[in-house]
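The values are calculated or read from the model by the stated rules, or taken from the named source; none is laboratory data. Because the structure is a prediction, the values reported are computed rather than measured. Counting neighbours? That spans all protein chains shown, and the Cβs are built from the backbone with ideal geometry, glycine included. Areas reflect the complete protein model, heavy atoms only, side chains present, ligands, DNA and RNA absent. Shrake-Rupley method; radii C 1.70, N 1.55, O 1.52, S 1.80 Å.
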Amino acid sequence: MKFSKEIENFLLEEAKSRFLKYVQIHTTSDENSTSDPSTDRQFDLAKILASELKELGCRKVILDEYCYVYGFLDATKGYEDVQAIGLIAHMDTSPAEKGKNVQPVIHENYDGKVIKYPKNPELILTPEDSPELKKFIGMDIITSSGDTLLGADDKAGIAEIMAAVAAWQKFPFLDHGPIVICFTPDEEIGRGTKNINLEYLPAYCYTFDGGEIGELEIECFDAWKANIQFNGISVHPGYAKNRMVNAIEIACRFVSQIPEAETPQHTENREGFYHLYHLEGDCVKAKAVLILRDFESKNNKKRIKYLEQLIATFETRYPGLKIDLTTEHSYENMIVYLKKHQQVIQKAAQAIKQAGIELKETIIRGGTDGARLSARGVPTPNIFAGGLLFHSLKEYVPVQALEKAAEVILYLAGNWLEEKQAKK
Ligand SMILES: [Zn+2]
């Protein structure tokens, strides 16, 4: 089955107009905040989405104190007993760039040349920045006005889900099973699933977050955090011989022993790394914080072993020095869980192909809400939302990608009806 032009046009207009509206709502999260959600402004979007979900026919909508929005959409007649699926996207935008006063600009019928920004004459977007641009010639590209990020990550995902829900209301012949919509706060600061209520989620979910058109992400990093505390001994520098143990100086020597070839700036594809992202201290105490990333958990375990051996060496080399290492497993590669639920992957792959798009099964050199959910028993692969160059002033999304992702959602819901339809 292919959708009619009428449905395609409806999805395009819905996804585009909703996207343009959502990006103008300031929802930047804040990693330094200890409250949940990290910023109250995320409620501004959450309230709008909750009321829109009600208007679009959800039987029940919940906006909770942690700023999670849940919408429960009943199945169409005859499909009440098929497996429910969850559609997830995040409301916050990255603190890496300004997200206030976003003014989206549509560059219609893109000609393959340089894109300029009205509010930032020095900034340009070229196919060198993003080779994918060449594929979008003739499409309409949405960017920011150049002084903020756009917020396609992940308001594109939200707009696509809402467009699909609107289509189910407008075209009641589009059959689907029970659907649970979930919009989360604070994904960009790693807390997107911290307060999620698993009781509301069905057994299988999909996130629509990031990624170029056609991407289906079923693997992410296996992720660790390592805190290394150096405890030195302070003595008057004039009388320090054989007595002072300078923690910060030793910390610098220590981090210089991390294999340079295994750092983010020297790795790509399936290669893992150590990433030192914080170092502070003085003579008495110093602290280094690293993240470790790899697609194979055994490689990260080797990295932890290496740090432990280095610590032993340094403690031998500097009598009086004490180094404490604490490690924390942030999230696992979701393939570990997803491979046991092949139908979740296969139905998504099929939906992307049905929408007439080339399927690209890819790996995420990062984590997603889906990785954490998969580990907690809810297999959740990630489907493209269509945007590119996230977390930057040059972030953009083709309007047609918004429409295609919305189509994928409709096909996906249809694919979960197959077993029931076969029995009919
Ligand atoms: Zn995202």
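For a quick check of your reading of the model, give me the residue pairs whose first member lies in the stretch 234-258 and is more than 25 Å from GLN309 (Cα to Cα), whose second is open to solvent by 90 Å² or more (accessible area, probe 1.4 Å), with beta-carbon atoms closer than 6 Å and at least 6 apart or on different chains.
Matching pairs, first to second residue: VAL235/ARG243.
With the requirement that a residue be surrounded by 24 or more Cβ atoms within 10 Å (Cβ to Cβ) and within 20 Å of ILE141 (Cβ to Cβ), what does the stretch 378-389 give you?
PHE384, ALA385, GLY386, GLY387, LEU388
Answer yes or no as to whether PRO104 is closer than 27 Å to GLU188 by Cα, open to solvent by 10 Å² or more (accessible area, probe 1.4 Å) and either at pLDDT below 95 or away from the ligand (no atom under 16 Å from the Cβ) (or both).
When the stated conditions are applied, PRO104 passes them.
Could you grab me the full set of residues in the stretch 257-291 that are of a type in the set (Asp, Glu) and assigned to a loop (DSSP other than H, G, I, E, B)?
Those that are of a type in the set (Asp, Glu) and assigned to a loop (DSSP other than H, G, I, E, B): GLU268, GLU271, ASP282.
Report, ordered by the first and then the second residue, all pairs with beta carbons closer than 6 Å, sequence separation of six or more or different chains, a first member in the stretch 384-401 that is touching a residue at least 12 places away in the same chain (Cβ under 8 Å), and a second member that is within 13 Å of the ligand (Cβ to nearest atom) and among the hydroxyl-bearing types (Ser, Thr, Tyr).
Partner pairs satisfying both residue conditions: HIS391/SER94.
If you scan the stretch 26-42, which residues turn out to be open to solvent by less than 40 Å² (accessible area, probe 1.4 Å) and either within 19 Å of the chain's Cα centre (by Cα) or outside the structural domain of HIS176 (by TED's automatic domain parsing) (or both)?
THR27, THR28, SER29, PRO37, SER38, THR39, GLN42
Considering (1) within 18 Å of THR143 (Cα to Cα); (2) out of contact with any strand residue (DSSP E or B) (no Cβ under 7 Å at 6 or more places or on another chain); (3) of a type outside the set (Phe, Trp, Tyr), say which one GLY99 fails and leave the rest.
(2)
If you take the residues in the stretch 390-424 that are small (Gly, Ala, Ser) and over 21 Å from the mean Cα position of the chain (by Cα), which one is least open to solvent (accessible area, probe 1.4 Å)?
Within the stretch 390-424, the match that is least open to solvent (accessible area, probe 1.4 Å) is ALA413.
Across the stretch 161-188, what is the number of residues that are within 24 Å of SER29 (Cα to Cα) and either open to solvent by less than 10 Å² (accessible area, probe 1.4 Å) or in a loop (DSSP other than H, G, I, E, B) (or both)?
Total satisfying the criteria: 8.
Pick from the stretch 228-262 the residues that are among the small types (Gly, Ala, Ser) and surrounded by 12 or more Cβ atoms within 10 Å (Cβ to Cβ): which of them is farthest from the chain's Cα centre (by Cα)?
Out of the qualifying residues, it is ALA240.
Do we find a residue being open to solvent by 20 Å² or more (accessible area, probe 1.4 Å), assigned to a helix (DSSP H, G or I), over 16 Å from GLU8 (Cα atoms) and within 16 Å of the ligand (Cβ to nearest atom) anywhere in the stretch 357-375?
Yes, that holds for at least one residue.
Quick one: which residue in LEU290, LEU276 is under 29 Å from ILE364 (Cα atoms), in contact (Cβ under 8 Å) with a residue 60 or more places away in the chain and either within 33 Å of the chain's Cα centre (by Cα) or within 16 Å of the ligand (Cβ to nearest atom) (or both)?
Sole residue among the options that is under 29 Å from ILE364 (Cα atoms), in contact (Cβ under 8 Å) with a residue 60 or more places away in the chain and either within 33 Å of the chain's Cα centre (by Cα) or within 16 Å of the ligand (Cβ to nearest atom) (or both): LEU290.
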